[in-house]
Amino acid sequence: MTLGVANLPLNLNAAVAVLAERGFSDWALQLEPILENMFMSGRNGNLPRWLKLLEQLPTIKTDRITFDDDIISVGCSTDISRAQQVQLKQELLQFSPWRKGPFSIFGVLIDAEWQSQIKWQRLSQCIAPLAGKRVLDVGCGNGYYAMRMLGAGAQWVLGVDPSVLALIQVTALQHFMCSDIPFTYLPIGMQTVPHHLASFDTVFSMGVLYHRRDPIEHLKHLRHSLVRNGQLVLETLVIDGAVGDVLVPEKRYAQMNNVWYLPSVLELCDQLKKLGFTHVHCADVSCTDTVEQRSTEWMTFHSLENYLHESDSSLTVERYPRPRRAIILAEA
């Protein structure tokens with residue numbers, strides 16, 4: 001299979017080939033023109049700069065990779081000199097903002113906006129074991145959670161996310177790894193994933209549902225991606241309330257202009273049951289705080305503290321309830 005595109009930051013030909021090897025030949029063929037158009041359209045003006053920066057990364061590689069600790073580590077600080085660490089940090093900072101982390105690359109700590117290990121600690125205590133599983137990670141970002149899934153024993157993780165910057169960050173991280181890891185990244189949205197795949201043991205959808213204009217269709221799509229009795233791990237913003245209670249922000253929510261749907265936990269569980277999911281239950285509800293999400297050197301833009309009302313931190317700046325996130329588990 002050949003995309004015919006020579007300047008991609010990641011060998012997407014190889015990613016497409018992995019799909020074919022994993023039993024998704026028809027989908028792989030359909031993806032070729034989609035990916036080619038995505039990267040030839042010039043829709044992201046930063047892409048040429050990022051590609052050049054990728055080419056300038058040092059060629060040092062390592063097979064010392066740790067996925068099962070809070071900080072995903074590639075190499076050790078003793079592998080390179082202090083001067084090389086300083087230079088490497090400046091190079092990796094050029095791929096900011098880093099939203100998910102933390103990562104350590106030869107001792108350079110990428111202190112991302114989200115302390116993602118906190119969410120993973122909540123998740124790992126309640127989800128079904130991932131050992132030997134095929135996993136779909138919807139909205140995977142730069143792959144932090146996908147790599148934690150590998151650390152938990154997943155056989156293969158397919159991550160989908162339309163962010164070009166996330167693709168660049170994944171490419172930068174994998175640049176330093178001697179061998180391929182069973183994590184395949186595709187820069188596409190869930191709408192480009194075929195319906196009725198029924199191929200994954202576990203499907204994660206974290207921080208995605210509230211961005212969907214048609215959340216019910218998204219939930220259907222997730223269900224049809226699972227094998228029989230496969231597990232859905234759904235993490236999303238919620239509100240307090242009963243069945244039927246939903247917040248549809250008038251304009252923005254916590255400064256985000258693409259938030260369409262914040263249901264109550266009871267409403268979301270009810271919807272999942274109506275869509276044919278079984279064993280539906282809420283495993284956790286947590287208020288996001290400024291320990292878990294905050295601005296850092298690696299993400300210098302506004303973060304949670306800027307999204308909360310200055311005189312009442314129980315509210316957003318728009319006077320909606322502050323962000324609360326639920327983990328809902330269900331089976332197909």
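The values are calculated or read from the model by the stated rules, or taken from the named source; none is laboratory data. What you are looking at is a predicted structure, and each value in this text was computed from that prediction instead of being measured. Backbone-built Cβ (ideal geometry, glycine too); neighbour counts: all protein chains shown. Keep in mind that these areas ignore ligands, DNA and RNA; they rest on the heavy atoms of the full protein, side chains included. Shrake-Rupley method; radii C 1.70, N 1.55, O 1.52, S 1.80 Å.
Going 7 Å from the Cα of Asn258 along its beta-carbon direction, which residues of region 84-121 have the amide nitrogen within less than 20 Å of the resulting point? It comes to 95-101, 113-114, nothing else. Listed peptides 266-274, 48-56, 146-154 appear in the order 146-154, 266-274, 48-56 once ranked by packing, highest mean of other Cβ atoms within 10 Å at the front.
Placing a pseudo-label 7 Å from each Cα along the Cα-to-Cβ vector at His196 and Asp68 gives an inter-label distance of 4.0 nm. Apolar share of the accessible surface for the chain: 48 percent from carbon plus sulfur atoms, 1.4 Å probe. Given the chain, what percent of its DSSP beta bridges are antiparallel, to the nearest 5? Beta bridges within the chain, antiparallel portion: roughly 50 percent. Judged by the mean number of other Cβ atoms found within 10 Å, the most tightly packed of the peptides 197-209, 244-256 leads the ranking 197-209, 244-256.
Sorting Val317, Val160 by accessible area puts them as Val317, Val160; the probe is 1.4 Å, largest comes first, and only protein heavy atoms count. Take a quick pass over the chain and tell me how many lysine pairs come in under 18 angstrom between Cα atoms, counting only ones 8 or more apart or on separate chains. For the chain, qualifying lysine pairs total 6.
Positive end of the dipole of region 218-269 (Cβ unit charges, origin at the Cα centre): among Ser264, Val233, Pro249, the Cα lying farthest that way belongs to Val233.
Probe of 1.4 angstrom, ligands and nucleic acids ignored: what's the accessible area per residue over the chain, in square angstrom?
Details: 14580 Å² over 332 residues.
Here the residues of the chain average 44 Å² of exposed surface.
Helical runs assigned H by DSSP (4 residues or longer) give the chain a calculated mean residue ellipticity at 222 nm of -9000 deg cm²/dmol, each run adding -39500 (n - 2.57) before division by the residue total. Note that region 210-332 shows a convex hull volume over its alpha carbon atoms of 117 Å³ per residue.
Hey, with R₀ at 51 Å, roughly what FRET efficiency would Leu93 and Val227 work out to, going by the Cβ-Cβ distance, to 0.05?
Details: r = 41 Å, r/R0 = 0.81.
Working from the Cβ atoms, E equals 0.80.
Rounded to the nearest 5, the antiparallel percentage of DSSP beta bridges internal to region 180-332 is 75%. Hey, if you put +1 on the Cβ of every Lys and Arg and -1 on every Asp and Glu Cβ in region 96-204, which of Trp156, Ala172, Ala128 ends up farthest toward the positive end of that dipole? With unit charges placed on the Cβ atoms, the residue in question is Ala128. Each residue, Ile216 and Gln155, gets one label point 7 Å from its Cα in the Cβ direction; the gap between the two is 3.5 nm.
In a simple Cβ point-charge model (Lys, Arg +1; Asp, Glu -1; nothing else charged), the chain has a dipole of about 260 debye relative to its Cα centre.
Roughly how compact is the chain, stated as its Cα Rg over 2.2 N^0.38 Å to two decimals? It would help to have the intermediate numbers written out before the result.
Details: Rg = 19.8 Å, N = 332, 2.2 N^0.38 = 20.0 Å.
Compared with the compact-globule rule of thumb, the chain sits at 0.99.
Estimate the FRET efficiency between Thr278 and Asp245 by the formula 1/(1 + (r/R0)^6), using the beta-carbon distance for r and 25 Å for R0, to the nearest 0.05. Efficiency, from the Cβ-Cβ distance: 0.60. Sorting 138-144, 58-64 by their mean Cβ neighbour count within 10 Å, with the most densely packed peptide first, gives 138-144, 58-64.
With r defined as the distance between the Cβ atoms of Cys287 and Asn37 and R0 fixed at 35 Å, what FRET efficiency is calculated, to the nearest 0.05? The computed FRET efficiency comes out at 0.25.
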